[in-house]
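I have placed the structure first, in the form of structure tokens, so that the comments after it can refer back to it.
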Amino acid sequence: MKCLIVFGLIVAAFAALGGYGYLVFTDLVKPLPKPEFNDNTYWGPGEEKDYKPDTKIYEFKLDVPQAEIDDLRQQLNRTLKLTEPLDGIAFEYGFNTYALEQFVEYWREKYLTKWDERQELFNSLKQYTTEIQGLNIHYIHEKASEEAAARKHVYPVLLLHGWPGSVREFYDFIPMLTKDQNISDYAFDVVAPSLVGYGWSDPATRPGFNAAEMATVMRNLMLRLGHKQFFVQGGDWGSIIGSNLATLYPENVIGYHSNMCVLNSPLAILKGIYASFYPEKYLPSRFFVDHHFPVWEKYLELLKESGYFHIQATKPDTIGAALTSSPVGLASYILEKFQTCTNPGLQQDFGAIVTVFGLETVLDNLMVYYLTNSATTAARFYLENVSKTYRDLQLDRVQTPVPMGCARFRFDLPSVTDWQLRDKFPNLKHSMYFQQGSHFAALEMPAMLYNDFTIFVRKLGLHGEENI
């Protein structure tokens, strides 16, 4: 009898433990309701009570004094005290100093001597500034051409960049969206802002400005411009911000298209591990397995390449001081990311950046960070997005009804499968795999990104189109 009682207690204990585990599991994986969120937090200087809103829109034109360009050339003309690479090493230890010397020489002797041409390119798209929540926000605003507007369905689209990118990423992509293209029945009024703390947009003046707050500012910018409903397209941080925008303000988003489809909810992580044992069951083709798997190899690669993330998410002002005080240091730090974001076959190639992106284009992007002194304020965004305040929102577990489209480029950060993505985006309308391309899709493959985005828009059937 005594044995039976002990056995019964053991069974009861295991049953209780199993029941508790089940409750914990279901609580971890269930969708959460949309949190309450303040859509008008003041982020500008001083006290909000002293703030007088300015809702005017001002034209913006880049006009860098020649003295500033001359000063930069003088800084780049100083003797470089760089350490030689190890024998037989290309870019395995970071950005190769022999390559850096060549970049610095080109920057000083070629690029800056034709700065007027580069500045003219920057000014070739219409740009403006306006004040949102106490912050001066810079943005490109290019409307659909008259020819396109006469023949196409025109919708507004918000383009969102990331780090270490800028609005410069979109200079080839934007004309495709606004002009009369034969391959699509749609054209777009494009708004491409510099993110808060990036480029020519003001930084927040107090802690707490995370991706949800960024999404709110971007949404309020679109409302300021008269766009109550619009598309969103983004990669890198732009993907996270776009996802947050579609989650917090679904009434404003017609559709959300991402070229970095990531999801970090507990359920998505568990599904990713499970799918790694049966990958072909959860993918449209066996040819796409290496986009996602092996999971552990992907995680190890992320760990190897995410040192910058850990620095910026913990001590952004420290790395910011080093970068803002040395244009060569800034170049090394940012160029290394572009070198890494080519593809595995080119990462050790001295000509990779020129081949994939073009030297002038990458130096244009570098100049955005130098001229605006935004290395520190851009890096701070990482710390804000690992903060408890942001993590407690758990927005990856909040479903949104917004139609979603996903474009996966072969050498980008590993994305999640459709099986995982539908946990957050049950209205997933479009999913595409590309066997080429990397992280900066708008810069590297603008035509491919344009084609994928317009296919997604058509799939929404806004004008009675049949699904394709």
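The values are calculated or read from the model by the stated rules, or taken from the named source; none is laboratory data. If you're wondering where the values come from, they're calculated on a predicted model, not measured in any experiment. Because the Cβ atoms are built from the backbone with ideal geometry, glycine has one as well, and the counts that use them run over all protein chains shown. All accessible areas refer to the heavy atoms of the entire protein, side chains included, with ligands and DNA or RNA removed. Shrake-Rupley method; radii C 1.70, N 1.55, O 1.52, S 1.80 Å.
For the reader, a short list of remarks on this structure follows.
- Spin-label pair K110-L80: with each label point 7 Å from Cα along the Cα-Cβ axis, the two points sit 1.4 nm from one another.
- Charge dipole (Cα centre; +1 on Lys/Arg Cβ, -1 on Asp/Glu Cβ; no other charges) of the chain amounts to roughly 1460 debye.
- Note on V64: accessible area is roughly 20 Å² with a 1.4 Å probe, heavy atoms of protein only.
- Solvent exposure of the stretch 56-460 as accessible area per residue, Å², 1.4 Å probe: 42
- Given K34/K228; K81/K304; K110/K143, the pairs whose alpha carbons are separated by over 29 Å: K110/K143
- Nearest-0.05 FRET efficiency for L371 and Y299, computed from C-beta distance (R0 25 Å): 0.10
- Restricting the trypsin sites (Lys or Arg not before Pro) of the stretch 187-271 to loop positions (DSSP other than H, G, I, E, B) with no more than 14 neighbouring Cβ atoms within 10 Å leaves K228.
- Ignoring the sites themselves, the chain has its longest run without chymotrypsin sites (Phe, Trp or Tyr not before Pro) in a DSSP loop having at most 13 other Cβ atoms within 10 Å at 278-468.
- Normalising the average separation of contacting C-alpha pairs (under 8 angstrom, six or more residues apart) by the number of residues puts the relative contact order of the chain at 18 percent.
- Figure note: S194, S124 ranked by solvent-accessible area, largest first, 1.4 Å probe, ligands and nucleic acids not counted: S124, S194.
- Helix 266-275 and the longest principal axis of the C-alpha atoms of the chain enclose an angle of approximately 80°.
- Expected 222 nm ellipticity per residue - DSSP helices of 4 or more, -39500 (n - 2.57), all of the chain, to 500: -12500 deg cm²/dmol
- Segment K56-R206, extension gain: residue separation times 0.36 nm, minus the distance between their alpha carbons: 51.6 nm
- Added length on full extension, which subtracts the Cα-Cα distance from 0.36 nm per residue, T355 to D392: 9.1 nm
- Prolate/oblate/rounded label for the stretch 407-458 (Cα gyration tensor, a/c 1.5): oblate
- Within the chain, the longest run free of GluC sites (Glu not before Pro) that sit in a DSSP loop with at most 14 other Cβ atoms within 10 Å is 93-464.
- Taking 0.36 nm per residue of separation and subtracting the Cα-Cα distance, full extension of the segment from S306 to S326 would add 5.0 nm.
- Helix 446-459 axis, angle to the chain major axis (alpha carbon atoms, nearest 10°): 50
- Pairwise FRET efficiency - K49 versus Q102, Cβ, R0 = 60 Å, nearest 0.05: 0.65
- Look at [x] 38, 29, 24; [y] 39, 33, 20; [z] 51, 36, 19: the one that is semi-axes √(5λ) of the Cα gyration tensor in Å derived from this structure is [x].
- FRET efficiency, K228 to D87 (Cβ-Cβ, R0 51 Å, nearest 0.05): 0.25
- Charge tally in the Cβ shell below 13 Å around I132, where Lys, Arg are +1 and Asp, Glu are -1, I132 excluded: -2
- Label-point gap, in nm, between D39 and E146 - each point 7 angstrom along Cα→Cβ: 3.6
- When only alpha carbons are used to place a centre, the stretch 366-409 and the stretch 237-300 end up 16 Å from one another.
- Rounded to the nearest whole Hz, the Karplus-based 3J(HN,Hα) values (6.51 cos²θ - 1.76 cosθ + 1.60, θ = phi - 60°) of the stretch 55-61 follow the sequence 9, 6, 10, 10, 5, 10, 9, with x at glycine and proline.
- Nearest 10 degrees, 0 to 90: helix 211-224 Cα axis against the chain principal axis: 60
- Projecting label points 7 angstrom from Cα along Cα→Cβ for D70 and D290 puts them 5.3 nm apart.
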